[in-house]
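**Student:** Pasting a structure here, questions to come.
Nothing in this text is a laboratory measurement; each read-out follows from the coordinates by a stated rule. Remember, it's a predicted structure, so these values are computed and weren't measured experimentally. A quick note on method: Cβ atoms are made from the backbone with ideal geometry, for glycine too, and the neighbour counts reach across all protein chains shown.
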Amino acid sequence: MDPRYRRKNQTIIETLGITPSEEAEMKVIISGETKRDRDRERKQRERRSRGAKPRAEYLAKARGKQGLAKDLRHRQGMSFREIGRMLDISHTKARRLIVAGEEE
């Protein structure tokens, strides 16, 4: 084989019979899938360190805000602007929260 030939990581992995558990311990010779997984995990850690919440937590908070907005609108008769001021969101966002909640 020509010594100038540069083998791809996947070729090396297949030739040597490297298992996924062995690959998890490696830093250089990794498959494209492992590379994407590590990149996704790294980006997720960065987002968390900047204060981003997990999706389930974010959606739970949004549902709570939506329920409060619907309650203020229908039971207390508040305007969208008043609701927006109270929840610290724009009146447009308040209207969208309420309309989206009614469509569900």
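Let's see how each residue does on (1) aromatic (Phe, Trp, Tyr); (2) within 30 Å of VAL99 (Cα to Cα):
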residue: TYR5; (1), (2): yes, no
residue: MET26; (1), (2): no, no
residue: ALA56; (1), (2): no, yes
residue: ARG63; (1), (2): no, yes
residue: GLY84; (1), (2): no, yes
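**Student:** Turning to a different aspect of this structure: Enumerate the helices (runs of 4 or more DSSP H) found wholly within the chain, keeping only those where 3 or more residues are surrounded by 10 or more Cβ atoms within 10 Å (Cβ to Cβ) and among the small types (Gly, Ala, Ser).
**Tutor:** The qualifying helices (runs of 4 or more DSSP H) are 55-74, 91-103.
**Student:** Only one of ARG75, ARG63 is more than 30 Å from LYS8 (Cβ to Cβ) and touching a helix residue (DSSP H, G or I) at 6+ places or on another chain (Cβ under 9 Å); which?
**Tutor:** Details: ARG75 fails: touching a helix residue (DSSP H, G or I) at 6+ places or on another chain (Cβ under 9 Å).
Exactly one of ARG75, ARG63 is more than 30 Å from LYS8 (Cβ to Cβ) and touching a helix residue (DSSP H, G or I) at 6+ places or on another chain (Cβ under 9 Å), namely ARG63.
**Student:** Out of all the residues in segment 9-29, which are under 29 Å from ARG55 (Cα atoms) and of a type in the set (A, V, I, L, M, F, W, C)?
**Tutor:** Answer for segment 9-29, where residues must be under 29 Å from ARG55 (Cα atoms) and of a type in the set (A, V, I, L, M, F, W, C): just ALA24.
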